[in-house]
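Notes follow once the structure below has been shown.
Where a number appears in this text, it was derived from the coordinates with a stated rule and is not lab data. Computed from a predicted structure; not experimentally measured. No Cβ is skipped: glycine too gets one built from the backbone with ideal geometry, and neighbour counts run over all protein chains shown.
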Amino acid sequence: ADYHWPSLQYDALEDFLYEGQRPDGSNMAQLVTPCKLRGGVNTTVAAEWVRLVYHDIASHNVADGTGGLDGSIFFETDRVENNGPGMNNTLSDFSGFPSKYITRADIIAIATVWAVATCGGPVIPVQGGRIDANSAGPYGVPNATDTQQSIVDTFTHQGFSTQEMIQLVACGHTLGGVRYPDFPDIVPAGSNPSATVVDSFDDTHTFDHNIVSAYLDGTTVDPLIVNNASSASDLLVFSIDGNATMQSMNTAESFASTCSTVFTKMLNTVPSGVQLTDTIDLLPVKVSTSSVQLTIGSNSQLQFQAAVRLQVPGSNTKVQMYWCDRYGSDANCASGLKRFASSGSSSTVSSPVSEAMNATLKKYQFVVPIDPSQSISEFWFVVDYGNGTTLVADNGGTNYVVDQDQVLWVPSMSQAKSVLTGADAVFVTAAVKNTNTPSRVYMDCFGRATTNYIAANATYDLQLNTSIPSVAGYNFYTGVATFDFGATMSFDLHSVAENGTSYADMYRQEGLIGVSLAPASTVNTTKSSSVGGDSGAGILAPRWGVGVGLGILAVLGLSYS
Ligand code: HEM
């Protein structure tokens, strides 16, 4: 399907995959980049992450479609099959990042793709939409002491052919190794018996075909081949078809392409009934949904904030944001008048995937004052790449629609209470337009990065707070979310007007409380028709602008071009 903003789940997945971080800037990709060693031990963070994904999907039963990549591993680390500190290290790496639209299972999938890419492996295409299990799944990880037949049966049960089994094990065991003291029958203690020893599967930390070539030319150091004949599972796996599969993977190119294919299958091994999204492709122009906010700024004035991420070829790129009024004679740019401002600041973002693709991604931040009697109905961007090329980024011709200005989250007046009191609570302030006396203002809160790994949601009402003076035609309502929804709490803020009409400020992020933004210096106006917008020369086709609140408000923001 063609992409059209806003598309909340896809937007969140795409941001995370290519930017490596949460909307509040907390960065998960940095934990693994660049192919980092795990704190003083002879293995990589990437190796620990890749072992974990296989142990999660190992619960899959291809016959009845149960199990697979469903995050059940979060409930299984006490099992012998998951021994070694790598599992708990990994879960602690991941625990603060699952969010409303990115499940724990999707975090595991995206982490695998980063791990492979940052260690020099292929860029594996990845989809989202996995659904989390809320309890442990069945056992299913093979042991190094298993017989060849038992190992084959285990992979068959998981849905992998013998050839795919060889490919999976070779691609997995190009990273990391086996640890003492966790596997003392395979890896002996070193000179200091209390120190961890990791015997690597091959001579490099990178994701390369060294594991294959060393096996084929007889120089392998793989501890699951050479250390202990009764735990030589890699030998049993690699040799089962007379080395035909290993020989077919013995170049850099064939190894990368084989691993990409078989890892894609592994990541898409999900319980039947799970509908995965399209492959998460890099969007050349990306409006970060969480950055778009009409609000009351810390200067007590109405302001509009938005950020656009671009793939930029050079350092001379300049970006301007344009917008139309919502009210008055210039509403929806009907008179041809558009307002515009330059970005206040910009920053570079990246993940192992965007780095491996050589994509330089830059985010341009806008904060502009808005006259409440004019407000804002839609916005778009004009990009001057500084090399003679300009681009009007207008969301495929519809512009980016601001669907309402009746209920607005006010991050500058909200507070994560734990900062003050140690109690897990979030104090939320909403601005509600005083031309509407709402019968109810409330917030639907959601958290997935909870301490017990179970997604949580709850609704809290906000009350008119007369101790905060009205500004810019808005009254203030305040309420407290008292549950600990975890690091990625998000909420939808609703106001129901007396006449029954509902308004919503959707998918707001607690993490953005306290983030300060550089305001625009000046706001200009133009009637030029070369900058996009709705002034177009007499074309009168009606156009539907569909905003974030679509699900609640049916179709909003109808305007004419
Ligand atoms: C016959 C099947 C398999 C057996 C018996 C097996 C066994 C093992 C053992 C005993 C370790 C050492 C763990 C530690 O000391 O922490 C290990 C590590 C590892 N395994 Fe496997 N494995 C198998 C298949 C796979 C597959 C299919 C993958 C991924 C696709 C995989 C990925 C890894 C990785 C990346 C490590 C290194 C972890 C680290 O260095 O922290 N393994 N495996």
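When Lys and Arg each count +1 and Asp and Glu each count -1, what net charge do the other residues less than 15 Å away from L276, Cβ to Cβ, add up to?
Taking every other residue near L276 into account, the sum is -4.
When you count, for each residue, the other Cβ atoms within 10 Å and take the mean per peptide, how do 168-175, 347-354, 492-499 rank with the highest first?
168-175, 347-354, 492-499
Please give me the summed charge of the neighbours of V383: other residues whose Cβ is under 15 Å from its Cβ, Lys and Arg +1, Asp and Glu -1.
Net local charge, V383 excluded: +3.
List the Cys residues of the chain that have no partner Cys with a C-beta closer than 4.7 Å.
C445
Of S7, A46, L17, whose Cα points farthest to the positive end of the dipole of the range 1-55 (charges on the beta-carbon: +1 Lys, Arg; -1 Asp, Glu; origin at the Cα centre)?
Working it through, the farthest residue towards the positive pole turns out to be A46.
Can you pull the one-decimal nm distance between simple spin-label points at T66 and D424, each 7 Å off the Cα toward Cβ?
In this crude label model, T66 to D424 measures out at 3.0 nm.
Rounded to the nearest 500, what is the 222 nm mean residue ellipticity of the chain from helices alone, with -39500 (n - 2.57) per DSSP H run of 4+ residues and division by all residues? List each step's numbers first, then the result.
Working: 14 runs with 123 residues, N = 561.
Rounded to the nearest 500, the figure is -6000 deg cm²/dmol.
With θ set to phi - 60° and the Karplus curve 6.51 cos²θ - 1.76 cosθ + 1.60, what are the ³J(HN,Hα) couplings of the range 512-529 in order, to the nearest whole Hz, using x for Gly and Pro?
Each residue's phi maps through the Karplus curve to give 8, 5, x, 7, 9, 10, 7, x, 5, 7, 9, 10, 10, 10, 8, 10, 4, 8 Hz.
Rounded to the nearest 5, what % of the DSSP beta bridges within the range 284-385 are antiparallel ones? Intermediate results must be reported in sequence, preceding the final value.
Working: 32 of 33 bridges.
Given both bridge residues lie in the range 284-385, the antiparallel proportion sits at roughly 95 percent.
Using bins 5 angstrom wide from zero, how does P(r) for the range 32-267 break down, in % of all Cα pairs?
Bin by bin from 0 Å, the calculated values are 1, 7, 14, 19, 22, 19, 12, 5, 1, 0.
Net charge within 12 Å of A472 by Cβ-Cβ distance, Lys/Arg positive one each and Asp/Glu negative one each, not counting A472 itself?
-1
Of the listed pairs K318/K338; K318/K363; K363/K417; K100/K362, which have alpha-carbon separations greater than 22 Å here?
Going by Cα-Cα distance, K363/K417; K100/K362 fall outside the 22 Å limit.
Any idea which of T466, A307, Q320 is furthest toward the positive side of the dipole for the chain, if Lys and Arg beta-carbons carry +1 and Asp and Glu beta-carbons -1?
The one lying farthest along the dipole's positive direction is T466.
Could you tell me what fraction of 2.2 N^0.38 Å the Cα radius of gyration of the range 365-449 comes to, as a two-decimal ratio?
Values: Rg = 18.5 Å, N = 85, 2.2 N^0.38 = 11.9 Å.
Dividing the Cα radius of gyration by 2.2 N^0.38 Å gives 1.55.
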